[in-house]
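Quick notes on the structure that follows.
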Amino acid sequence: MYTQFINGDIVDVEKQELVTSTWSDNTNNLQTAHTSSTQADFTSPTSSGQFFIEVYNKDTSDTTAEVQYAVAFGHNSGSGSPDFTNDTGSFGVNSSRVIYNQYRQLVFNDETKGFTFGTHSPDSIYVINVNRARYKQKLTLGTLNLQISGATEGTNTGQAFVQLTDDSVTNGQFDDSNLGPVYRVVSGSNGQVSGSTVNQVGGSSSFGLFYPESGVIILNGDAFSGSLAPTLNAGATSNTDLNQRKLFYHISAAAHFILDTTEEISSKFYFVRARNSEYNYSNNESFKDANNNVRFTSMQANPKVFITTVGLYNSAQELLAIAKLSQPVAKDFTKEALIRVKLDY
């Protein structure tokens, strides 16, 4: 037996935004950062660590450790990483060049176009790529609060940190791209600009670009090689001095990375009505015998059943969704039931 919904039985609810922390265990501020010696391998020019370093929330010896984001360094002519081979004609063909080409292809769908920040087009970029499992539909605008330390590696001394945010609150969307809307990464907090941001490096108007729908932050490499921000020493080529490793260290040393994720929830309410004359019998084997007769004579004129599940079907009577009741609802010819089913999608 099926009952078709009529006007008024289905109610649409306005979309709502659910905002939670991006990081595992709903951690608001990711203060710890760990790498895996297996993944962050620098033994050869083609090792995975030469391309990117995955950052975990816990020591990787802990079985519950999960990847939070990855860091990478790109250079349009291949500086900052060892060449794949030393053969003539292959100089500058290496991981940093691959990373630069990969991200400009993703952003511009054009292998000749370079990244520009204001009027400044640096040769190098740093990339923070949030793990796809960490966020839902998109990263939440105005929640980016990332500190990058200027401390000398291995010590707690050196330049003060810079605090970065997106400028969505102050300036709104900056541009559009193949990765979705683009916002500037600026000095400030909670989406608002503060401090020295404009004309930092050769007319650069930002520290980087923020792509919330793709979980990507691309930083202006030249903005971290001068006096207006912590220096990450771009151009290093030794295994212990790789630029992506330096970015990891300076983020880890600051111990302050806040970023939320947003999910838009659409809801529908289905009002399921079981009238007194409906749904009083069951196909359960305990209710009917092999001949499809009510097993107990006392139930033949006055059946008593319990509703435990509601099935939602399409017009072809194909089951699309099942709603389980928190507790069974008694049903007979003297009772009617109104069950509200909420479907989120």
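The values are calculated or read from the model by the stated rules, or taken from the named source; none is laboratory data. Note that the structure is a prediction, hence the values are computed from the model and not measured. Neighbour counts are summed over all protein chains in view; Cβ atoms, including those assigned to glycine, are modelled from backbone coordinates with ideal geometry. Protein only, heavy atoms only, side chains kept; ligands, DNA and RNA dropped before computing areas. Shrake-Rupley method; radii C 1.70, N 1.55, O 1.52, S 1.80 Å.
Would you give the gap between the C-alpha center of region 39-59 and the C-alpha center of region 69-103, rounded to a whole Å?
Going from one Cα centre to the other spans 15 Å.
If a/c stays under 1.5 just call it rounded; otherwise compare a/b with b/c (prolate if a/b is bigger, oblate if not). Do that for region 1-150, with a ≥ b ≥ c from the square roots of the Cα gyration tensor eigenvalues.
prolate
Leaving out ligands and nucleic acids, and using a 1.4 Å probe, what accessible area per residue does region 237-345 come to in Å²?
For region 237-345, the per-residue accessible area is 61 Å².
Along the charge dipole of the chain, Cβ charges K/R +1 and D/E -1, which of Val98, Asn7, Ala254 sits furthest on the positive end?
Asn7
What net charge do the residues around Val130 carry, taking every other residue with its C-beta under 15 Å from that of Val130, with Lys and Arg at +1 and Asp and Glu at -1?
Once positives and negatives cancel, what remains is -2.
Scan (1) 35.6, 140; (2) 18.7, 53; (3) 28.9, 94 for the value of Rg and Dmax of the Cα atoms in Å calculated from this model and give just the label.
It is the one labelled (3).
Nearest 10 degrees is fine. How inclined is helix 95-108 to the longest principal axis of the chain, computing both from alpha carbons?
Once rounded, one gets 50 degrees.
Could you put Arg134, Arg295 in order of accessible surface area, largest first, with the 1.4 Å probe and the full protein assembly present?
So the residues, ranked largest to smallest area, are Arg295, Arg134.
What does the charge add up to near Asn145, with Lys and Arg as +1, Asp and Glu as -1, over the other residues with Cβ less than 14 Å from its Cβ?
After counting each charged neighbour, the total is -3.
Could you pull out every residue, at least 5 positions away or on a different chain, whose amide H is within less than 5 Å of the one on Asp167? Hs are placed 1.01 Å off N in the peptide plane, and Pro or chain starts have none.
Under 5 Å from the amide H of Asp167: Arg184, Val186.
For the chain, take the longest principal axis of its alpha carbons; what is the angle in degrees between that and the long axis of helix 243-254, to the nearest 10 within 0 to 90?
Its long axis makes an angle of about 70 degrees.
For every other residue with a beta carbon closer than 13 angstrom to the beta carbon of Thr32, add +1 if it is Lys or Arg and -1 if Asp or Glu, then tell me the sum.
Neighbourhood net charge equals -3.
For Thr35, list long-range residues whose amide hydrogen, built 1.01 Å from N in the peptide plane, is under 5 Å from its own amide hydrogen.
Result for Thr35 returns Tyr56.
Would you list Lys331, Lys136 from the most to the least accessible area, probe 1.4 Å?
The ordering from most to least exposed comes out as Lys136, Lys331.
In region 254-345, which GluC sites (Glu not before Pro) are in a loop and have at most 11 other Cβ atoms within 10 Å, using DSSP for the loop call?
For GluC sites (Glu not before Pro) across region 254-345 that sit outside H, G, I, E and B with at most 11 neighbouring Cβ atoms in 10 Å, the list reads Glu285, Glu318.
Work out, step by step, the length gained on full extension between Asp83 and Arg275: first 0.36 nm times the residue separation, then minus their alpha carbon distance; give nm to one decimal.
Residue separation times 0.36 nm, minus the Cα-Cα distance, leaves 61.5 nm.
Considering only protein heavy atoms and a 1.4 Å probe, what is the carbon-and-sulfur percentage of the accessible area of the chain?
Carbon with sulfur: 47 percent of the solvent-accessible area.
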